[in-house]
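For reference, the structure is listed below as structure tokens.
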Amino acid sequence: MTDEYYIKKTIEFAKKGMANNEGGPFGAIIVKDDKIVGRGNNKVTSLKDPTAHAEIVAIRDACKNLNSFQLDGCVIYSSCEPCPMCLGAIYWARPDRLVFASSKDDASKVGFDDSFIYEELDLPVAKRKIETTQIMRDEANILFEIWSDKDNKIDY
């Protein structure tokens, strides 16, 4: 199968999700060894979950189906360039490749504008729009010491 074939599938999932009033116009699939192992369409409004973007739904599905917390050897296909949250999740999942169709600028033109998140990430914490306070750093850093010393941890 080709990248074009799989992108067409993401578009189909997005259309089906919209027709079922599950969420916005986004679809994603994850492929390993020419087999679709994860599927997702945007379900933010139907699940009442702001993290239920198509890529996140597909990652969760693929990880469950592969019984793994990483997507080595996989390709993620998305109908649109992933938002910052999804891009972060994609990097944590560690697929081999990412292929997308529409751009973030295309999405912005119809109201899905995530540029403010990119702008916020570049600001110092004290200047971000959501008030953010850091406290008890030393107490929390003990967790990292415990993790470092843990003999039976699973690295990721």
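Brief remarks on what is shown
- Legend: distances between Cα atoms for K9/K35; K16/K104; K48/K104; pairs beyond 19 Å are K16/K104; K48/K104.
- The Kirkwood radius of region 52-156, taken over pairs of alpha-carbon atoms, gives through the Stokes-Einstein law at 20 °C and 1.002 mPa s a diffusion coefficient of 129 µm² s⁻¹.
- Among beta bridges from DSSP that stay inside the chain, the antiparallel ones total about 70%.
- Shape category assigned to region 1-82 from the gyration tensor of Cα positions, a/c cut at 1.5: oblate
- Separation in nanometres of the label points that stand 7 Å from Cα toward Cβ, at D96 and E139: 4.7 nm
- Centroid-to-centroid separation of region 50-93 and region 142-156 [C-alpha atoms, Å]: 25 Å
- The chain: angle of helix 137-149 to the longest principal axis, Cα-based, in degrees nearest 10: 70 degrees
- Ranked packing of 133-139, 56-62, 95-101, most packed first, by mean Cβ within 10 Å: 56-62, 95-101, 133-139
- Bridging of K150 to aspartates and glutamates at a Cα separation below 20 Å is possible for D138, E139, once same-chain residues fewer than 8 apart are set aside.
- Ranked by the mean number of other Cβ atoms within 10 Å of their residues, highest first, the peptides 72-82, 145-155, 31-41 fall in the order 72-82, 31-41, 145-155.
- Shape call, region 48-101: gyration tensor on alpha carbons, a/c limit 1.5: oblate
Values quoted throughout were computed directly from the atomic coordinates according to the rules given, and no laboratory measurement underlies them. Note that the structure is predicted; figures quoted are calculated from it, not measured. Because the Cβ atoms are built from the backbone with ideal geometry, glycine has one as well, and the counts that use them run over all protein chains shown.
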